[in-house]
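Structure first, then comments.
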Number of protein chains: 2
Amino acid sequence: MGERYLKSVRLLAECLQGFERFVAEPVRRHGLTHPQFDIIATLGNTPGMTYKELGERTLITKGTLTGVIDRLEQKGLVERARNCDDKRSFLVRLTAEGDTLFRNVFPAVVAHGKQLFADYGDGDFEQLDHALRRLRTRLDTPGLVTPGGHVPADEG
Amino acid sequence: MGERYLKSVRLLAECLQGFERFVAEPVRRHGLTHPQFDIIATLGNTPGMTYKELGERTLITKGTLTGVIDRLEQKGLVERARNCDDKRSFLVRLTAEGDTLFRNVFPAVVAHGKQLFADYGDGDFEQLDHALRRLRTRLDTPGLVTPGGHVPADEG
DNA sequence: TATTGTTATACTCTATAACTATA
DNA sequence: TATAGTTATAGAGTATAACAATA
């Protein structure tokens, strides 16, 4: 404790948590959960993508992804299409209805969220992004020591 | 789309998501889920607090909280104590075992996370906090317009 | 052999609402 | 009447491992 960074992480958590709560309203209004919206938003304006790609972008593991996609498929918002290149995989893409939803919900969510940054100028965004980008870079860097005292690569 | 702030929010999400994944390792190693750790961390170094207080700090609703506390109680990490002032409520507090866990896990998690900010100087933290604080302030500000076009206070 | 996606399992979280006991 | 916490319900996400089809 007493570590300087904890304050920043707490702020970070409060901001994202607050933002997600703030944004959850229009999402839930359309009957979507957060992961479901994540999928819709990720598929929006694309020709579709494989489970693998979707999983990597949304950080949802494949076993879970099947369930989430199933529910979206039941709602008629996405569809699976055979991937000619690799018969093991599917392309998941928005249906016409899914695309309509995307075009309705996404701008609403964006507009809703935009208000929060009403008083941010270019400089403020730059400042924020700069600090965050460093952290993200650090997060992508392998070789950090785990609490056990060994590097992740050593582990089972 | 094309909104400037989306880039920042994406960064924000990636950072927190990445941080939580990074930190999840030591937490899970001790058999705790994220909400459970949240409770332990919140109760640490306190004489205990009520459900209401706990719920407000962790943003877990009371119905859910009962379940989370139940599981922690089954593990012998927290205990309920009658609140003399108000017989409707309990004080939830760490047991000796819970306190030991807190003292073991929390510093480990903190130390683990600290590495991410190894190259952040005072100025970097200030910059980050400054930008985040503005966003948080904005999130706490009522009266923002919802996608439906009316202010939240108008709703059911 | 490795990879893509599915299935099964078991648990946890979540929101919600009806309920109790106190206040 | 209002509040603190419980219980019941129903759904959704999660990790994990074993599995089929394909590469």
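Could you tally the net charge around A:Asp124, taking each other residue with its Cβ under 15 Å from the Cβ of A:Asp124, Lys/Arg +1 and Asp/Glu -1?
Result for the neighbourhood of A:Asp124: +1.
Going highest first, how would you order B:109-121, A:45-57 by mean Cβ packing within 10 Å?
The peptides rank, most packed first, as B:109-121, A:45-57.
Return the aspartates and glutamates within reach of A:Lys7: Cα separation strictly under 14 angstrom, same-chain partners fewer than 8 residues apart disregarded; answer none if there are no such residues.
Cα-Cα hits under 14 Å: B:Asp122, B:Asp124, B:Glu126, B:Asp129.
In nm, what is the difference between 0.36 nm times the number of residues separating A:Arg133 and A:Arg21 and their Cα-Cα distance?
The A:Arg133-A:Arg21 span can extend by a further 38.0 nm.
Can you show me the helix-derived [θ] at 222 nm for chain A, built from DSSP H runs with n ≥ 4 at -39,500 (n - 2.57) apiece and divided by the number of residues, rounded to the nearest 500.
-20000 deg cm²/dmol
Please average, across the residues of A:10-23, the number of beta carbons from any other chain that are within 10 Å of each residue's own beta carbon, and give a whole number.
6
Would you rank A:Arg138, A:Arg10 by solvent-accessible area, highest first, keeping every protein chain in place and using a 1.4 Å probe?
I get A:Arg10, A:Arg138, largest accessible area first.
How big is region B:1-87 along each principal axis, measuring the range of its Cα positions in Å and listing the largest first?
Its Cα atoms span 56, 31, 23 Å along the three principal axes.
When you look at the Cβ of every residue in A:105-116, what mean number of other chain Cβ atoms sits within 10 Å?
That average works out to 4.
Along the charge dipole of chain B, which of B:Ala111, B:Leu101, B:Gln127 sits closest to the positive end, that is, farthest toward it, with unit charges on the beta carbon of Lys, Arg, Asp and Glu (+1, +1, -1, -1)?
It is B:Leu101, whose Cα lies furthest towards the positive end.
Students often forget the sequence filter, so: which aspartates and glutamates lie under 13 Å Cα-Cα from B:Lys52 once same-chain residues fewer than 8 apart are removed?
Cα-Cα hits under 13 Å: B:Asp86.
With N denoting the number of residues in region B:36-81, provide Rg(C-alpha) divided by 2.2 N^0.38 Å, to two decimal places.
1.01
With +1 on each Lys and Arg Cβ and -1 on each Asp and Glu Cβ, how big is the dipole of chain B about its Cα centre, in debye rounded to the nearest 20?
300 debye
Counting only other residues whose beta carbon sits under 13 Å from that of A:Thr64, what net charge do I get with K and R as +1, D and E as -1?
Cβ neighbours under 13 Å give a net charge of 0.
In whole angstrom, how long is each semi-axis of the equivalent ellipsoid of the protein assembly as shown, when you take the square root of 5 times every eigenvalue of its Cα gyration tensor and sort them from largest down?
Whole-Å semi-axes of the equivalent ellipsoid: 34, 25, 24.
Full extension from A:Arg4 to A:Thr64: what is 0.36 nm times the residue separation minus their Cα-Cα distance, to one decimal in nm?
Here the segment from A:Arg4 to A:Thr64 would lengthen by 18.0 nm.
Note down the net charge around A:Arg28, summing +1 for each Lys or Arg and -1 for each Asp or Glu among other residues with Cβ under 12 Å from its Cβ.
Summing Lys and Arg as +1 and Asp and Glu as -1 gives 0.
Residues of B:121-134, mean number of Cβ from any other protein chain within 10 Å of their own Cβ, rounded to a whole number?
That works out to 6 on average.
Which whole-number percent is the relative contact order of region A:34-136 (Cα, under 8 Å, 6+ apart)?
About 25 percent, as a whole number.
Give the whole-number value, in cubic angstrom per residue, of the convex hull volume spanned by the C-alpha atoms of region A:34-136.
131 Å³
For chain B, set up a Gaussian network in which alpha carbons nearer than 10 Å are linked by springs, and say which option among B:Leu91, B:Leu65, B:Leu139 fluctuates the most.
B:Leu139
Using label points projected 7 Å from each Cα along Cα→Cβ, tell me how many nm separate B:Asn83 and B:His34, to one decimal.
With each label point 7 Å from Cα toward Cβ, the separation is 2.8 nm.
The values are calculated or read from the model by the stated rules, or taken from the named source; none is laboratory data. If you're wondering where the values come from, they're calculated on a predicted model, not measured in any experiment. Note that we place each Cβ from the backbone using ideal geometry, even for glycine, and neighbour counts take in every protein chain shown. The accessibility values were calculated without ligands, DNA or RNA, using every heavy atom of the protein model including side chains. Shrake-Rupley method; radii C 1.70, N 1.55, O 1.52, S 1.80 Å.
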